Amino acid sequence: MTGRKLPSRIAVIGAGSWGTTLANHLAESGIAVRIWAFEAEVVASISRGRENDIFLPGVRLHAGLVACGTFAEALEGAELALFVTPSHVARGVLRDARPHLPPLVPVVVASKGIESESLATMAEVFAEGLDAGHPLAFLSGPSFAREVAAGLPTAVTVASRDGTTALLVQGTFSTETFRVYTTDDVVGVEVGGALKNVIAIAAGICDGLGLGHNARSALITRGLAEMTRLGVALGAKASTFAGLAGLGDLVLTCTGDLSRNRSLGMALAAGRSLSDIQAGTRTVAEGVRTTAAAVRLAARAGVELPIAVQVHRVLFDGAAPREALHTLMTRHLRDETD
């Protein structure tokens, strides 16, 4: 599949539910995996009980998965590094990990989001923060951690501007139950992976208000149009948004009960405040920060994102969910392809 030898030792940076799941997936494939966790209790939980009882409780982890509390230990001898941190801490984690990265090793990023201040995608963050010579790839697509951990069939995509790197990642991660497709459209995969979380909050609000399947279907479809519109304005291929990192991830995140962003939207529809919702969980709903960044990024690009704007009003401006819906439904009429 690729002329480059597949890695036999991998470092995973980030031990949330998705990082732990991917690390375990790789370990079950026979790869020596070390996972870095920010939380000391996560390192202890994995090391002593073979379980991440904070972020992935109830999932038995492979005996060969080694948890580490330092970047030096996790990255020593790594032939590939996989970063799976929340997007808002990715730059800082990369800065601290970079001195310990072996030279020239490929770096795969499975974080999804847009930086709030810089409006940089994760591709831009890692391109800026890495030393020269590290091939970069970005893993995205419809993939709930618990379903992957349970061995249920999953298909994702890996984006890289270097075809050899894309094939390397494809060969490393693919198994009978985890199928990886390749693309060179990094921008499209990044925008799709970030903005689908914003639309999922809107979908949760829609479901929480009991608005029915018609409304949810319309929301997903128009949400896809927003994602595509912004992505193309930033240089992505429109066709990418019809694939796994676009439509696939959007449908999953907007409809699945395991979606943190959809659940947050449902809680907002029930009248809970954003601060109250966030105070009750240690997991991150990426769509909150991405909403703020996406609205600013769209304004800079001269692109309309009406759904994202209304989600922003609900999250940050105190707008009532039903009032935001009314604003969407009474916008000026237009051609669907505009």
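The values are calculated or read from the model by the stated rules, or taken from the named source; none is laboratory data. Keep in mind the model is a prediction, meaning the values are calculated, not measured. Neighbour counts are summed over all protein chains in view; Cβ atoms, including those assigned to glycine, are modelled from backbone coordinates with ideal geometry.
Please determine, by comparing only the residues of segment 236-266 that are of a type in the set (A, V, I, L, M, F, W, C) and closer than 19 Å to LEU56 by Cβ, which one is modelled with the highest pLDDT. Reasoning before the result, please.
Here is the first cut: in segment 236-266, the residues of a type in the set (A, V, I, L, M, F, W, C) are 236, 238, 241-242, 244-245, 247, 250-252, 254, 258, 264, 266.
So of that shortlist, the ones also closer than 19 Å to LEU56 by Cβ come out as 252, 258.
On the way: LEU252: 98, LEU258: 95.
So, considering only residues that are of a type in the set (A, V, I, L, M, F, W, C) and closer than 19 Å to LEU56 by Cβ, the one modelled with the highest pLDDT is LEU252.
Taking segment 88-136, which residues are within 14 Å of the chain's Cα centre (by Cα) and within 18 Å of THR157 (Cβ to Cβ)?
VAL108, VAL109, ALA110, SER111, LYS112, GLY113, THR121, MET122, ALA123
List the helices (runs of 4 or more DSSP H) inside segment 265-338, counting only whole elements, that have at least 2 residues being within 23 Å of the chain's Cα centre (by Cα). Even if it seems obvious, please write down each step before you answer.
Numbers: elements: 274-279, 287-301, 306-316, 321-329.
The qualifying helices (runs of 4 or more DSSP H) are 274-279, 287-301, 306-316.
Give PHE126, PHE144, PHE138 a once-over and let me know the one that is surrounded by fewer than 21 Cβ atoms within 10 Å (Cβ to Cβ) and either within 25 Å of LEU234 (Cβ to Cβ) or outside the structural domain of GLU304 (by TED's automatic domain parsing) (or both). Before the answer, list the steps.
Values: PHE126 fails: surrounded by fewer than 21 Cβ atoms within 10 Å (Cβ to Cβ); PHE138 fails: surrounded by fewer than 21 Cβ atoms within 10 Å (Cβ to Cβ).
From the options PHE126, PHE144, PHE138, the qualifying one is PHE144.
Of all residues in segment 172-220, which are over 14 Å from the mean Cα position of the chain (by Cα), small (Gly, Ala, Ser) and outside the structural domain of GLY113 (by TED's automatic domain parsing)?
ALA202, ALA203, GLY204, GLY208, GLY210, GLY212, ALA215, SER217, ALA218
Every residue in segment 311-328 that is surrounded by fewer than 15 Cβ atoms within 10 Å (Cβ to Cβ) and touching a residue at least 60 places away in the same chain (Cβ under 8 Å), please.
So in segment 311-328, the residues surrounded by fewer than 15 Cβ atoms within 10 Å (Cβ to Cβ) come out as 316-318, 320, 322-323, 326-327.
ARG322 - this is the single residue of segment 311-328 that is surrounded by fewer than 15 Cβ atoms within 10 Å (Cβ to Cβ) and touching a residue at least 60 places away in the same chain (Cβ under 8 Å).
Of ARG272, ARG282, ARG300, which residue is in the same structural domain as THR221 (by TED's automatic domain parsing), out of contact with any Ser or Thr (no Cβ under 7 Å at 6 or more places or on another chain), closer than 26 Å to GLY210 by Cα and of a type in the set (D, E, K, R)?
Values: ARG282 fails: closer than 26 Å to GLY210 by Cα; ARG300 fails: closer than 26 Å to GLY210 by Cα.
Only one candidate passes the filter, namely ARG272.
Can you tell me which of THR121, THR70 is among the hydroxyl-bearing types (Ser, Thr, Tyr) and surrounded by 14 or more Cβ atoms within 10 Å (Cβ to Cβ)? Even if it seems obvious, please write down each step before you answer.
Values: THR70 fails: surrounded by 14 or more Cβ atoms within 10 Å (Cβ to Cβ).
Every option except THR121 fails the conditions.
Somewhere in segment 44-53, is a residue closer than 26 Å to ALA194 by Cβ and in contact with a Cys (Cβ under 6 Å, 6 or more places away or on another chain)? Write out each step before concluding.
Keep residues of segment 44-53 that are closer than 26 Å to ALA194 by Cβ, which gives 52.
Filter again for in contact with a Cys (Cβ under 6 Å, 6 or more places away or on another chain), leaving none.
Scanning segment 44-53 turns up no residue that is closer than 26 Å to ALA194 by Cβ and in contact with a Cys (Cβ under 6 Å, 6 or more places away or on another chain).
Yes/no matrix, rows are residues, columns are (1) free of Cβ contacts under 8 Å to residues at least 60 places away in the same chain; (2) under 30 Å from GLU41 (Cβ atoms); (3) buried (at least 16 other Cβ atoms within 10 Å of the Cβ); (4) not hydroxyl-bearing (Ser, Thr, Tyr):
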position: ALA238; (1), (2), (3), (4): yes, no, no, yes
position: GLY248; (1), (2), (3), (4): no, no, yes, yes
position: CYS254; (1), (2), (3), (4): yes, no, yes, yes
position: LEU258; (1), (2), (3), (4): no, yes, no, yes
position: ALA285; (1), (2), (3), (4): no, yes, yes, yes
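Might you let me know whether segment 208-216 holds any residue that is in a helix (DSSP H, G or I), under 30 Å from THR327 (Cα atoms) and among the aliphatic types (A, V, I, L, M)?
Here is the first cut: in segment 208-216, the residues in a helix (DSSP H, G or I) are 208, 212-216.
Applying the additional criterion that residues be under 30 Å from THR327 (Cα atoms) yields 208, 212-216.
Within this subset, residues satisfying the condition of being among the aliphatic types (A, V, I, L, M) are 215.
Looking through segment 208-216, at least one residue is in a helix (DSSP H, G or I), under 30 Å from THR327 (Cα atoms) and among the aliphatic types (A, V, I, L, M).
Given (1) touching a Pro at 6+ places or on another chain (Cβ under 6 Å); (2) surrounded by fewer than 23 Cβ atoms within 10 Å (Cβ to Cβ); (3) among the hydrophobic types (A, V, I, L, M, F, W, C), where does ALA32 come up short, assuming only one miss?
Exception for ALA32: condition (1).
In segment 174-222, what residues are buried (at least 21 other Cβ atoms within 10 Å of the Cβ) and of a type in the set (Lys, Arg)?
Across segment 174-222, the qualifying residue is only LYS196.
Looking for whichever is among the small types (Gly, Ala, Ser), outside the structural domain of THR172 (by TED's automatic domain parsing) and either at pLDDT below 95 or within 21 Å of the chain's Cα centre (by Cα) (or both) here; the options are GLY14, GLY19, GLY3. Which one fits?
Working: GLY14 fails: outside the structural domain of THR172 (by TED's automatic domain parsing); GLY19 fails: outside the structural domain of THR172 (by TED's automatic domain parsing).
Result of the check over GLY14, GLY19, GLY3: GLY3.
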